[in-house]
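Take a look at the structure set out below.
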Amino acid sequence: MFSELARKFTAAFITENRWQLYIKGLGVTLEVSIFAAIIGILLGTVLALMKLSEREDGKKSILNTIATVYVDIIRGTPSVLQLLIMWFIVFSTFNNGIIVSSISFGLNSAAYVSEIVRAGILAVDRGQTEAGRSIGMSKAMTMRYIVLPQALKNIIPPLGNEFITLLKETAIVGYVSLTDLTRAANMIASRTYEAFMPLIGAAVIYFVVIKLLTILLAHVERRLRASDKR
Amino acid sequence: MISVENLTKDFVDPDGTVRHVLKGIDYSVEKGEKIVIVGPSGSGKSTFLRCLNLLERPTSGKVIFDNEVINKKGVNIDLIRTRMGMVFQNFNLFNNLTIMDNLTIAPIKVKNLSKEAAEEKAVSLLKRVNLLDKANVYPSSLSGGQKQRIAIIRAMCMDPEVILFDEPTSALDPEMVGEVLDFMKALAEQGMTMVVVTHEMGFAREVGTKVLFMDEGKILEENTPNEFFNNPQSPRLQDFLSKVL
């Protein structure tokens with residue numbers, strides 16, 4: 001019984017240095033997640049500002065409409081499909097899976113980030129903007145020096161959640177022949193005809209990474225809240 | 001200095017009904033005047049005040065500042081607002097900045113004053129309101145009365161030609177009203193042009209050069225404080241004064 005488990009463990013992780021495949025896979029997973037998160041945060045913030053822009057007469061601006069349509073399309077289609085469209089259609093002549101996946105997930109994440117940023121900005125008291133504008137600061141200045149710093153406190157916790165979601169969603173990059181953690185585990189499973197060890201192993205690795213992230217996030221959140229009491 | 005011509009403001013409620021909040025106001029504020037606006041809630045006093053620096057965009061009519069119509073396309077409203085301070089009911093100090101940064105951010109970023117010059121001015125004003133020891137704390141640690149005095153000197157740091165006060169004492173605990181009104185009086189004596197929306201009749205009587213009574217989006221009566229309080233003309237004002245005095 002025990003020796004059977006040990007044999008399976010050896011086959012899944014030790015033989016042919018297979019543990020390296022998991023590490024490499026995790027590397028791909030993290031790489032795609034981090035690049036995508038950077039694109040998502042930058043583009044998401046721009047989209048949020050576009051959504052919040054309004055004309056002097058209070059009507060919707062064209063920027064607002066563009067951002068709304070974008071978010072609708074992204075949220076209304078599966079991310080696997082978005083990834084496949086990017087890989088086989090938009091970037092069909094380009095064969096760097098990491099870059100294409102990062103862009104695809106970044107564009108996807110931006111839609112969700114934009115809602116987080118928008119809600120964070122709207123949660124800042126309107127009086128703060130009025131005070132900034134009434135003293136002669138431009139819209140952009142008020143946003144940069146007064147509103148955004150205060151919005152950050154509302155934005156960072158849900159942004160952390162979005163990153164965790166993103167990290168797990170990248171498990172579909174196998175579709176565009178990238179060997180991330182999930183695909184590495186799957187490959188080893190089909191090689192050894194033993195699914196249990198590689199798949200559970202990969203799950204444990206995801207779990208540990210996300211647990212660490214969660215602890216880090218809780219710490220950041222505590223510090224953000226502590227500064228309220230200054 | 002500031003005048004409005006046939007100013008109207010409509011608000012459209014989410015259900016589509018249109019409320020006429022200002023129904024054609026003509027008025028002119030001269031340099032050095034202290035105009036006090038009183039009236040029942042919902043009479044449009046605050047909306048009128050907020051139209052003067054275009055925090056509310058008028059629906060029609062003109063707002064004229066220093067002989068220039070400011071509610072038309074192509075006017076740099078940020079520049080106009082540097083000359084027109086505003087004090088809010090809820091203070092609206094910048095929560096993410098220390099008191100010193102609250103006072104100096106606009107002079108530095110908007111007027112391009114040096115940090116030293118801006119801080120020097122801030123320090124002298126902080127001394128005037130006896131709050132120099134609060135320079136490096138955040139607004140959340142101040143009392144309401146302290147916040148409002150800081151809000152007033154924040155406006156003064158820009159050297160405005162007029163300051164608009166939107167119910168500056170309405171959100172204060174009763175024992176803090178005095179310290180804010182006293183400072184506003186001192187400011188008035190110094191010659192600042194002021195437009196004040198308030199429920200403080202004592203202040204209106206003592207400091208106002210003119211008192212306006214607004215009701216249902218119109219200026220119903222305008223007079224010197226003495227005449228306004230002792231010899232009200234319209235029945236509506238007589239009724240109002242009998243309730244608040």
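Key figures
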read-out: Conditions (1) within 13 Å of chain A (Cβ to nearest Cβ); (2) within 13 Å of the chain's Cα centre (by Cα); (3) over 23 Å from B:Ile80 (Cα atoms); number of the one not met by B:Thr169; value: (1)
read-out: Test: residue in region A:90-100 that is modelled with pLDDT of 95 or more, away from chain B (no Cβ under 14 Å) and in contact with an Asp or Glu (Cβ under 7 Å, 6 or more places away or on another chain); value: no
read-out: Any hit, region A:117-137, residues being within 30 Å of B:Cys51 (Cβ to Cβ) and under 17 Å from the mean Cα position of the chain (by Cα); value: yes
read-out: Scope region B:43-93; condition over 17 Å from the mean Cα position of the chain (by Cα), surrounded by fewer than 15 Cβ atoms within 10 Å (Cβ to Cβ) and either at the interface with chain A (Cβ under 8 Å from one of its Cβ atoms) or under 24 Å from B:Gly217 (Cβ atoms) (or both); matching residues; value: B:Ser60, B:Val69, B:Lys72, B:Leu79
read-out: Positions within region B:186-202 being of a type outside the set (A, V, I, L, M, F, W, C) and under 23 Å from B:Met214 (Cβ atoms), in sequence order; value: B:Thr193, B:Thr198, B:His199, B:Glu200, B:Gly202
read-out: Within region A:166-191, tally of residues that are of a type outside the set (A, V, I, L, M), surrounded by fewer than 17 Cβ atoms within 10 Å (Cβ to Cβ) and in contact with a helix residue (DSSP H, G or I) (Cβ under 8 Å, 6 or more places away or on another chain); value: 3
read-out: Failed criterion for A:Gly40 (all others in (1) out of contact with any Leu (no Cβ under 9 Å at 6 or more places or on another chain); (2) touching a residue at least 24 places away in the same chain (Cβ under 8 Å) hold); value: (1)
read-out: Condition met for B:Val123 (of a type in the set (Val, Ile, Thr) and without any contact (Cβ under 8 Å) to a residue 24 or more places away in the chain); value: yes
read-out: Count of residues meeting criterion [part of a helix (DSSP H, G or I) and either in contact with a helix residue (DSSP H, G or I) (Cβ under 7 Å, 6 or more places away or on another chain) or under 15 Å from B:Asp159 (Cα atoms) (or both)] in region B:109-127; value: 12
read-out: Lone qualifier among A:Leu26, A:Leu83, A:Leu42 - being surrounded by fewer than 14 Cβ atoms within 10 Å (Cβ to Cβ) and either farther than 18 Å from A:Ile121 by Cα or at pLDDT 90 or above (or both); value: A:Leu42
read-out: Residues located in region B:177-224, provided they are under 23 Å from B:Lys23 (Cα atoms) and among the charged types (D, E, K, R); value: B:Lys210, B:Asp215, B:Glu216, B:Lys218, B:Glu221, B:Glu222
read-out: Lone qualifier among B:Asn102, B:Asn96 - being at the interface with chain A (Cβ under 10 Å from one of its Cβ atoms) and part of a helix (DSSP H, G or I); value: B:Asn102
read-out: Tally of residues being in contact (Cβ under 8 Å) with a residue 40 or more places away in the chain, in contact with a helix residue (DSSP H, G or I) (Cβ under 7 Å, 6 or more places away or on another chain) and among the β-branched types (Val, Ile, Thr) across region B:77-108; value: 3
read-out: Any chance B:Ile163 is within 13 Å of another protein chain (Cβ to nearest Cβ) and assigned to a helix (DSSP H, G or I); value: no
read-out: Subset of region B:221-245 that is out of contact with any helix residue (DSSP H, G or I) (no Cβ under 6 Å at 6 or more places or on another chain) and crowded, with 19+ Cβ neighbours inside 10 Å - its residue that is nearest to B:Ile163 (Cα to Cα); value: B:Phe228
read-out: Unmet criterion (only one of (1) crowded, with 18+ Cβ neighbours inside 10 Å; (2) assigned to a helix (DSSP H, G or I)) for A:Leu199; value: (1)
read-out: Residue that is farthest from the other protein chains (Cβ to nearest Cβ), among those in region A:112-136 that are in contact with a Ser or Thr (Cβ under 6 Å, 6 or more places away or on another chain) and among the small types (Gly, Ala, Ser); value: A:Gly132
read-out: When residues of region B:94-135 are limited to those that are within 17 Å of A:Ile146 (Cα to Cα) and among the polar types (S, T, N, Q), the one surrounded by the most Cβ atoms within 10 Å (Cβ to Cβ); value: B:Asn102
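For every residue, the table says whether it meets (1) under 22 Å from the mean Cα position of the chain (by Cα); (2) touching a residue at least 60 places away in the same chain (Cβ under 8 Å); (3) at the interface with chain B (Cβ under 10 Å from one of its Cβ atoms).
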| residue | (1), (2), (3) |
| --- | --- |
| A:Tyr145 | no, no, yes |
| A:Leu148 | yes, no, yes |
| A:Gly160 | yes, yes, no |
| A:Ile164 | yes, no, no |
| A:Val176 | yes, yes, no |
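The values are calculated or read from the model by the stated rules, or taken from the named source; none is laboratory data. All figures in this text were calculated on a predicted structure; none of them were measured in a lab. Note that we place each Cβ from the backbone using ideal geometry, even for glycine, and neighbour counts take in every protein chain shown.
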